[in-house]
Amino acid sequence: MNDFWTMMNNMIWNLTHRLGIIDILDIIIMAVILYELLILLRRTRSSALLKGVFMLLVIVMLSNLLGLTSLNWLLTTILNNGAIVLVVLFQPEIRKGLEKMGRSTLLNKGKERPSDMEQQERIVSEITQTMLDLSHRRVGALICFEGRTGLQDVIDTGTRVDGDISAPLLENIFEPNTPLHDGAVVIRGERVEAAACILPLTEARGVSRELGTRHRAGIGLSENSDATVLIVSEETGTMSMARGGALRRPLTEDELRRILEELYTPEKSWLLTLWNSLKRIGKGEKA
């Protein structure tokens, strides 16, 4: 434990006396990595494990200050093997993060291949058709689109589907008196991950009393994550969207399509844009 305090003192001294451009860059990179890790672990079971590790560090410091030698020795021994323990505990999240990094390189991000664009247009059309059909028939629906915040905890409460997005599949899920109609559908990227999922209800007091459980669940999920939730009212057939804890209703067909296009339009990387411009200039074309 003395080594830990020595390291902390050295780090503080270096920050106050020898801080340079490289050090600032190093701090920024570490901050970004820690932020991405927290986003990855947020709202998952691993967040509770992370809190447990933090509490363990606090107890170690307190035991050292209070002179609890035996307790401090035991906890310090556990922390000395902490790297191996963390790899074992967070193996699924580490794997998911590495896969995400591999799919999201600077040059590949925002790369628009014809097949990708056709697939995105198809998905937008399928979901739009689903929402309109359910709205006309006044069939209640709750569709959640996962953002940067993982929804694995929500997926685990439902029934795994892991199917391609299509209007027949979604409409069949929400058909009344079927096993999966009561609950939410979670969509991750281009896949329907699960159905009949349970969402947290909002505790906000400003929500209109006219809104039922379906709308309150959609708002509740959007309060706790960056997910976009589309809702169809069973009573009125009105289409709504919940995002950032706010409810937008009613939605027209054009508004619905714009929301979906926003979700499925790839973000162009500035590096990719610069590279394409340089290639065009090299060929004598206008940038």
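Values in this text are rule-based calculations from the coordinates and carry no lab data. These numbers come from a predicted model, not from an experiment. So basically every Cβ, Gly included, is an ideal-geometry build from the backbone, and we count neighbours across all protein chains shown.
Farthest toward the positive end of the dipole of segment 114-264, out of 236, 189, 136, is the Cα of 236, where the dipole comes from beta carbon charges about the Cα centre.
Give, in nm to one decimal, the length gained when the segment between residue 77 and residue 156 is fully stretched (0.36 nm per residue of separation minus the Cα-Cα distance).
So the chain would gain 25.0 nm between residue 77 and residue 156.
Put in line by how crowded their Cβ is, counting other Cβ atoms within 10 Å and starting with the fewest, 181, 136 read 136, 181. Of the trypsin sites (Lys or Arg not before Pro) found in segment 192-261, those that fall in a DSSP loop while having at most 16 other beta-carbon atoms within 10 Å are 205, 209. With 0.36 nm allotted per residue and the present C-alpha distance subtracted, the residue 149-residue 164 stretch has 3.3 nm of extension available.
If R0 is taken as 25 Å, the Cβ-Cβ distance between residue 248 and residue 51 corresponds to a FRET efficiency of 0.15. Distance from the C-alpha centroid of segment 217-258 to that of segment 195-214: 11 Å, rounded to the whole angstrom. Of the GluC sites (Glu not before Pro) found in segment 158-252, those that fall in a DSSP loop while having at most 12 other beta-carbon atoms within 10 Å are 203, 210, 235. The residue 182 and residue 203 beta-carbon pair, evaluated with R₀ = 25 Å, returns a calculated FRET efficiency of approximately 0.70. Available extension along the chain between residue 33 and residue 213 is 61.1 nm, counting 0.36 nm per residue and deducting the alpha carbon span.
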